[in-house]
Amino acid sequence: MAIVEKPGSGSDLSSIINDERYRAVFYQILVFGIVGWVFYSLVDNTLTNMANQGKAAGFDFLLGTAGFSIAWTPLDYKPDDSYLFVYWVGIVNTLLISGIAIVLTTILGFVVGILRLSKNWLISQMAAWYVEVLRNTPLLLQIIFWYLGAFANLPRPKQSIELLGIDWLVLNNRGLYFPNAEFVDLFWMTAIAFVIGIAGAIWLNRKATERQLATGVYEPTLVKTLGAIVGLPLVVFLVTGMPLSWELPVLKGFNYQGGTFILPAMCSVLVALVIYHSSFVAEMVRAGILSVSHGQTEAAYSLGIKPRWTMRLVIIPQAMRAIIPPMISLWMNVVKNSSLAIAIGFPDLVSVFMQTSLNQSGHAIEIVAMVMLFYMTVSLTISGCLNIYNKKIQLRER
Amino acid sequence: MSDAPTTSDGLRVFKPKPSLPPPPATTGVIGWMRFNLFDGIGSSITTVIGLLLLGFLAISFYEWAFVRGVWEAASRQECRLSPTEFGTCWAGVEFWFTRFIYGRYPDAEIWRLDLMAIVFIAWMAPLWAPKVTAKVVVGLSAILVFPFMAGYFFLGGDRNWFMAIMVAVSMTWFAGTMIHVAACLLTGKGLGHWIITLSGFSSRDDRTHKYPLLIAAVVAFGIVYFVIQSWQLPIVGTNQWGGLFLTLVISGIGIASALPAGIVLALGRRSEMPVIRVMCVTFIELFRSVPLITILFMATTMFPLFLPEGVVFNKLASAIVAVCLFSAAYMAETVRGGLQAIPKGQYEAAEAMGLGYWQSMGLIIMPQALKLMIPNIVGSFIGLFKDTTLVSIIGLFDLLGMISAISQDPQWIGLHHEPLFTAALIYFIGCLAMSKYSQHLERKLGAGDRR
């Protein structure tokens, strides 16, 4: 192969654009210059504007007193706490509500997804319509609908709705009241027993698998596992004299006292988040199970594996490979979408920090940056876990 | 077996009797029901439970919407009292329906929005007509040229020199497109062909055939420009925009800008130039990892700080910029997914043919990738359409914002369920139509891949 020396290469100004060696560098410098200039002018404008308004940038305000109260938080927050603590309250509320929503969404979504694959035409059609209707209406509309349609019209505490007919599980316009667990002295022993139980269960299952691999004898471990995880702590719990008491909510005067409660707004956000995202989970589960080729099922049957075991040992493990990556990004979406709670006044991070604190203190840039930092941390953590998982489950082709 | 037929040389031949019809319980409606609804005890029980649930939902809905529905009333109070107690107040929805669609746009000016909707449909519709030629030009101009005319019709008021030219260009272009489409449908030949033929100036083989086209375009533009020079529409500020109209404006701009921006970002992310790659990755990851509402808040609180003094950016413009940034980042990931699905052989083949970067991207990779990406692209469009509801949180009156506005109207105070149901229905129909159309498109374009 002959290499033809381009005429005028290296000497001409046009070679910067035409010569491959310099072209990439040239374009990168150009783009970098433009972006840098845009950034510089933005920063410059911002500094000028802030100087004109007499504002100073900096994170000093974080230690100042916030001065407003927050409608609901599991933490011990008082209005004279600092903005930094408000940030922390917001993070805890956001993580709490999205954590609960993620667990419930996944369970409900799996149920609907399996119903969607039911052989029963009516059931699969109903599941399909559930998915279509919920996926195609905006989440914000659904949150508002649940709030205004259901949870804002609850009766006063005196006429509370007793869920399941239990008088310590009540729903009224102040929120959902349920008992609060109080741990007495020796409860730590039960907790330790629980941890030991889980470790024991893992060990038992490993042993059983090893034995099966070595001898081919299958031995059911469900009873032993349950015994280790539930039985052991229960025995310890009873032996140590039941060191746990429930503080029940009781109607006193105009309101309930004792127990824990969550706001009606939180109930509606939770219900809306769970129901909306469950429709996406359902589709993922369906697509995942359908993505396992039918040949796998036939092969399992021809080996004499029973249908129940085919599902458990052949279909589900392969379907999981298709289900879990989108599922994890859906969990990320739940965390992000929980910020819509602001529309009905649930005090999540965006609501308490990006709205109330920002309006009060006026430190827009710092606050926006801190909120974005939180969401980016969560997102990058989750996608980091996803990448590790993806590497682990990738098909090992031989 | 004496009756078995024999051939001429005495051999008996096996001849099966005609097969019996299938048992009546396995065919027709009954058979279908047995297989799909009552296949065993478990299935039957679930069917019955499902039917009960469905019946309960249908009856409750029927009672809520129709039995208790009140269609004529002057206020919510009237709905609640007559003729049945706690009537479902459709009268309020009816009364406010114009507002749901057009927001607070003055009644006398609503024709402008209707007209633009018709113009847009007329501009896009030829894309589905097989006889029309030059579809790329028609489609692209609907996205690039139409917004100037629409923007002026929506806003009204004075035109600066740039808008004056662009509105005239847009109108001329629209008129030309319509004549072109009519010519195509009637004669099978486009406008360009007729201008060249009728002018008698030159033939198509000659390079000079461009001159009559240019002259015609300039003359038409000049006429339009001078005709509309003194014409003006009354100004309608963006604070009066609202309802479904505003939703469509925001999501329309978001969708139109998302695809090109997403393609550029995705190519940048896969580029071999480190500086460009790092910038694109930073942009994409930043805007994808935070919720849209934080970007909207950032836009409303920080854009005023970013801009030089004297430049005022209204809320709608900030919201649109925020939506565009957000949708571009999401679209970039969608496009990247499509690009990754193209086998490496295609890139190598394009290179082996001697195509440069832009040629191989534009002619080989992108057409295949875009076809693969259709479901995901439409998925993000649907997502964007739904996500525009968030602008109601920062105080714009989109469809959802108008829904909350009605419940604060003294006459209809507290009216929530019926407007929310109406809005849900509008969103549902819009999104479902988009997703069904994408499925259709997927089947149509995937025809070559099926065996």
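Here, each number is a calculation from the coordinates, and none is a lab measurement. Remember, it's a predicted structure, so these values are computed and weren't measured experimentally. We place every Cβ from the backbone using ideal geometry, glycine too, and count neighbours over all the protein chains shown.
So, in Å, what gap is there between the alpha-carbon centers of region A:51-107 and region B:244-307? Spelled out, the Cα-based centre of one part sits 27 Å from the other.
Placing +1 on the Cβ of every Lys and Arg and -1 on the Cβ of every Asp and Glu, with nothing else charged, gives chain A a dipole about its Cα centre of roughly 1420 debye. Peptides B:172-178, A:271-277, B:407-413 ranked from most to least packed, by the mean per-residue count of other Cβ atoms within 10 Å: A:271-277, B:172-178, B:407-413. Sorted on the mean count of surrounding Cβ atoms within 10 Å across their residues, most packed first, peptides A:116-123, A:352-359, A:61-68 read A:352-359, A:116-123, A:61-68. Tally Lys and Arg at +1 and Asp and Glu at -1 over the other residues with C-beta under 15 Å from the C-beta of A:ASN136: what net charge comes out? After counting each charged neighbour, the total is 0.
Note that region B:163-180 has calculated 3J(HN,Hα) couplings of 5, 4, 5, 5, 5, 5, 4, 4, 5, 4, 4, 4, 4, x, 4, 5, 5, 4 Hz, one per residue in order, obtained from phi through the Karplus relation 6.51 cos²θ - 1.76 cosθ + 1.60 (θ = phi - 60°); glycine and proline are x. Dipole orientation for chain B: of the candidates B:TYR62, B:ALA424, B:ILE253, B:ILE253 has the Cα lying most toward the positive pole (charges on Cβ; Lys, Arg +1; Asp, Glu -1). Oblate is the label for chain A. Its Cα gyration tensor axes, ordered a ≥ b ≥ c, give a/c of at least 1.5 and b/c at or above a/b. When the Cα atoms of chain B are aligned to their principal axes, the ranges along those axes come out at 106, 77, 54 Å in descending order. Shape of region B:107-237 from the C-alpha gyration tensor: oblate (a/c of 1.5 or more and a/b not above b/c, with a ≥ b ≥ c the square roots of its eigenvalues). Per-peptide packing, taken as the mean over residues of other Cβ atoms within 10 Å, places A:21-30, B:180-189 in the sequence B:180-189, A:21-30 from highest down. Looking at the protein assembly as shown, the DSSP beta bridges with both ends there are about 85 percent antiparallel. Considering only alpha-carbon pairs that sit under 8 angstrom and 6 or more positions apart, the relative contact order computed for chain A is 21 percent. Taking every residue in B:276-287 and counting other chain Cβ atoms within 10 Å of its Cβ, the average works out to 2. Ordering A:ILE143, A:LEU380, A:TYR301 by the projection of their Cα atoms onto the charge dipole of chain A, which places +1 on the Cβ of Lys and Arg and -1 on the Cβ of Asp and Glu, puts A:TYR301 at the extreme positive end.
Counting Cβ atoms of other protein chains within 10 Å of each residue's Cβ and taking the mean over peptide A:341-347 gives 2. Residue order for B:PHE226, B:PHE306, fewest other beta carbons within 10 angstrom first, comes to B:PHE226, B:PHE306. In this simple spin-label approximation, B:ALA317 and A:MET50 carry label points 7 Å from Cα along the Cα→Cβ vector, and these lie 2.3 nm apart. In this simple spin-label approximation, A:ILE192 and A:GLN360 carry label points 7 Å from Cα along the Cα→Cβ vector, and these lie 4.4 nm apart.
Which FRET efficiency, nearest 0.05, do A:VAL133 and A:ILE107 yield, Cβ-Cβ r, R0 22 Å? Using R0 = 22 Å, I get an efficiency of 0.65.
Phi-derived couplings, Karplus 6.51 cos²θ - 1.76 cosθ + 1.60 at θ = phi - 60°, listed residue by residue for region B:118-132: 5, 4, 5, 5, 4, 6, 7, 3, x, 4, 9, 8, x, 6, 6 Hz, with x used for Gly and Pro.
Towards the positive end of the charge dipole of region B:242-441, with charges on Cβ (+1 Lys, Arg; -1 Asp, Glu), say which of B:MET402, B:GLY310, B:MET361 has the farthest Cα. Going by the Cα projections, it comes out as B:MET361.
For region B:242-441, what class follows from the C-alpha gyration tensor (a ≥ b ≥ c being the square roots of its eigenvalues): rounded when a/c is under 1.5, otherwise prolate if a/b is larger than b/c, else oblate? Taking the square roots of the gyration eigenvalues as a ≥ b ≥ c, region B:242-441 is oblate.
Partner shielding of B:379-390 amounts to 3, given as the average count of beta-carbon atoms from other chains within 10 Å of each residue beta-carbon.
Ratio of Rg to Rh for the protein assembly as shown: 1.01 [Cα atoms; Kirkwood radius as inverse mean 1/r over pairs]. GNM on chain A, alpha-carbon springs under 10 angstrom: the most fluctuating residue among A:ILE17, A:ILE365, A:ILE328 is A:ILE17. Placing pseudo-labels 7 Å out from each Cα toward the beta carbon at A:VAL92 and B:SER404 gives an inter-label distance of 2.8 nm.
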